[in-house]
Amino acid sequence: MGMFFNMGIDITPRLRAIEFLKDVPARAMKAAGKEAIWFSVAAGKPLYLAGEPADTLYFVLSGTLGIFREGVHGKSEFVGHIRSGEPAGEMSLFLGGVDLTGDGVPNDAPHTSSVYALRDTELIGVSRKGWDRMVKAEPELLESMIRVILRRLGKSGDRVASAAPKVFTLVATSPTIDLKLRARSLKQALERLGRKAVIVDEQMGDERPAAYFDELERAHDVVILISAIGDNSWYRL
């Protein structure tokens, strides 16, 4: 899955940093923390794949995930983004814990979509038991999660506006192309349309933590990354 960080570390403070869980009482949060894991997924790698059993609810601490579903002719279709502070895996988790095979034993429902890290992403994974403890302590969590599910489904299952992409990368196909000039022109055009944009080049983004890019996404409508030909540094954002 990814690199694990919480070996012997109390990750309850990490759970408390998630806005979605801010009203959970301290005792329930501490109990859930014992069931939780803190880990990272590298850019391009899957968090989970469609068909895999869903036994964990995830929250993004930093980074961005992408949701993909199988479309026509077996091709994967991009559905939307999951950004910092948002949950992942909630739909299948809600269906889990029921007898799907008729043998009297509760099963984990399979994920209906695949989720990949679009850039290096840190997450907290909460077990079903941990989630149940938090819901019992703060019942309004269930209502909030239902709102998330309905928003993501949108009308007729279409991707909703809040999932629209905010980060775009310009890559030169020739060394003679002035990427910075192109990026500035695009930024000016967006600003004329009332959109707030920022340009990030290799020097600005080099060795920056994932949270740096989270803040850029929150503060701007569009983030424009520029990369010279043959440069793969943005793959690890």
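The values are calculated or read from the model by the stated rules, or taken from the named source; none is laboratory data. None of these values were measured; they are calculated from a predicted model. Cβ sites come from the backbone with ideal geometry, for glycine too, and all protein chains shown count toward neighbours.
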Just checking, does region 76-87 include any residue being more than 19 Å from Thr121 (Cα to Cα) and either surrounded by fewer than 20 Cβ atoms within 10 Å (Cβ to Cβ) or not polar (S, T, N, Q) (or both)? yes
Only one of Leu65, Leu15 is modelled with pLDDT of 85 or more, crowded, with 16+ Cβ neighbours inside 10 Å and in contact with a helix residue (DSSP H, G or I) (Cβ under 9 Å, 6 or more places away or on another chain); which? Leu15
Name the pairs whose Cβ atoms lie under 8 Å apart, with the first residue in region 17-38 and in the same structural domain as Gly63 (by TED's automatic domain parsing), the second among the acidic types (Asp, Glu) and buried (at least 19 other Cβ atoms within 10 Å of the Cβ), and 6 or more positions between them or separate chains? Phe20/Glu86; Trp38/Glu122
Using the structure shown, decide if Asp10 is out of contact with any Cys (no Cβ under 6 Å at 6 or more places or on another chain), assigned to a loop (DSSP other than H, G, I, E, B), over 24 Å from Glu143 (Cα atoms) and of a type in the set (Asp, Glu). yes
For region 160-168, indicate whether the set of residues that are in contact with a Gly (Cβ under 7 Å, 6 or more places away or on another chain) and either surrounded by 15 or more Cβ atoms within 10 Å (Cβ to Cβ) or modelled with pLDDT under 70 (or both) is non-empty. yes
Considering only region 59-86, how many residues are closer than 16 Å to Arg152 by Cβ and either charged (D, E, K, R) or in a strand (DSSP E or B) (or both)? 16
Is it the case that Leu141 is outside the structural domain of Glu202 (by TED's automatic domain parsing), modelled with pLDDT of 85 or more and outside any loop (DSSP other than H, G, I, E, B)? yes
Of all residues in region 184-237 being of a type in the set (Ser, Thr, Tyr) and part of a helix (DSSP H, G or I), the one that is modelled with the highest pLDDT: Ser185
Could you tell me which of the residues Gly71, Gly51 is under 20 Å from Ser127 (Cα atoms), exposed (fewer than 14 other Cβ atoms within 10 Å of the Cβ) and not aliphatic (A, V, I, L, M)? Gly51
If I filter region 121-138 down to residues being charged (D, E, K, R) and modelled with pLDDT under 90, which single residue comes out as farthest from the chain's Cα centre (by Cα)? Lys136
